[in-house]
1. Tell me which of these Asp106 doesn't satisfy, since it passes every other one: (1) under 15 Å from the mean Cα position of the chain (by Cα); (2) within 30 Å of Lys53 (Cβ to Cβ).
2. Evaluate the following for Arg131: is it within 18 Å of the chain's Cα centre (by Cα), of a type outside the set (A, V, I, L, M, F, W, C) and crowded, with 19+ Cβ neighbours inside 10 Å?
3. If I ask for residues that are among the charged types (D, E, K, R) and open to solvent by 40 Å² or more (accessible area, probe 1.4 Å), which ones from segment 159-186 would you list?
4. So which of Tyr108, Tyr156, Tyr142, Tyr146 ends up being over 20 Å from Phe59 (Cβ atoms) and open to solvent by 30 Å² or more (accessible area, probe 1.4 Å)?
5. Can you tell me which of (1) open to solvent by less than 40 Å² (accessible area, probe 1.4 Å); (2) at negative phi; (3) touching a residue at least 24 places away in the same chain (Cβ under 8 Å) is the one Gly77 doesn't meet?
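The values are calculated or read from the model by the stated rules, or taken from the named source; none is laboratory data. Values in this document were obtained by computation on a predicted structure and should not be read as measured data. Here Cβ is always computed from backbone atoms with ideal geometry, including for glycine, and neighbour counts include all displayed protein chains. Heads up: the accessible areas ignore ligands, DNA and RNA and are worked out on the full protein's heavy atoms, side chains in. Shrake-Rupley method; radii C 1.70, N 1.55, O 1.52, S 1.80 Å.
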Amino acid sequence: MMVRSIILALLGVAGFAGEAHAEWDPCTARAVTSVEVPSFSEGGFDRGWGVAKGQTFQFVTQYWQSKTGVRYFCSHGGGCYLAEARVNGVRVPVVALDNCRIDYSDPYKFEDGTLYSLTPIRSKFSARDLRQWDATEAFYKYKVQYDRIDQYAVAYANNPRSACAKLTRRVMRGDRRAIRAMNKDIDAEGNVVNPCIWVSK
């Protein structure tokens, strides 16, 4: 997931709050403690909102530790929320992940802190959703056209025995010819080289 995390980091963590949801981001979270946190400025951006116990969050993409040590979960299109806080002098969890875990293996450091990607708890996803997740990650890794990633990953997930699926599995193995085909769609003679463009979602 780190490839996608780096792309989103370059767009700016604060941008999540106002950015339309574009990718398939299946991680969810919930508030386990109610806290009231006024908006504050850090690094020139407003970050941090209060949450109510039981509140749910969709499209959670990253775990962010700011340069001051404050920790957040950030959602694509929904802002950043405290992962933990001090209540009566005791550090308690505020927002907890439901179906994913933090991947500490490959942190991405930038001027406002450190980002950690999330990875699925595979037992909590269907086989179909895992296909979409794995294809999406491979497409980011091998630089498939950014604006086609969702379309092609869904086509593969929904049609695992199709020609599109065969091409996708080759991309996932790092096959350079398959990667070129996935990025080309149609050759100079008008022949379709990427069957994923014809697969219905």
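1. Asp106 satisfies all of (1) under 15 Å from the mean Cα position of the chain (by Cα); (2) within 30 Å of Lys53 (Cβ to Cβ) except (2).
2. Working: within 18 Å of the chain's Cα centre (by Cα): yes; of a type outside the set (A, V, I, L, M, F, W, C): yes; crowded, with 19+ Cβ neighbours inside 10 Å: yes.
So Arg131 fits the description; yes.
3. To start, the set of residues in segment 159-186 that are among the charged types (D, E, K, R) comprises 161, 166, 169-170, 173, 175-177, 180, 184-185.
Passing the criteria: Arg161, Lys166, Arg169, Arg170, Arg173, Asp175, Arg176, Arg177, Arg180, Lys184.
4. Details: Tyr108 fails: over 20 Å from Phe59 (Cβ atoms); Tyr156 fails: open to solvent by 30 Å² or more (accessible area, probe 1.4 Å); Tyr146 fails: over 20 Å from Phe59 (Cβ atoms).
On inspection, the qualifying residue turns out to be Tyr142.
5. (2)
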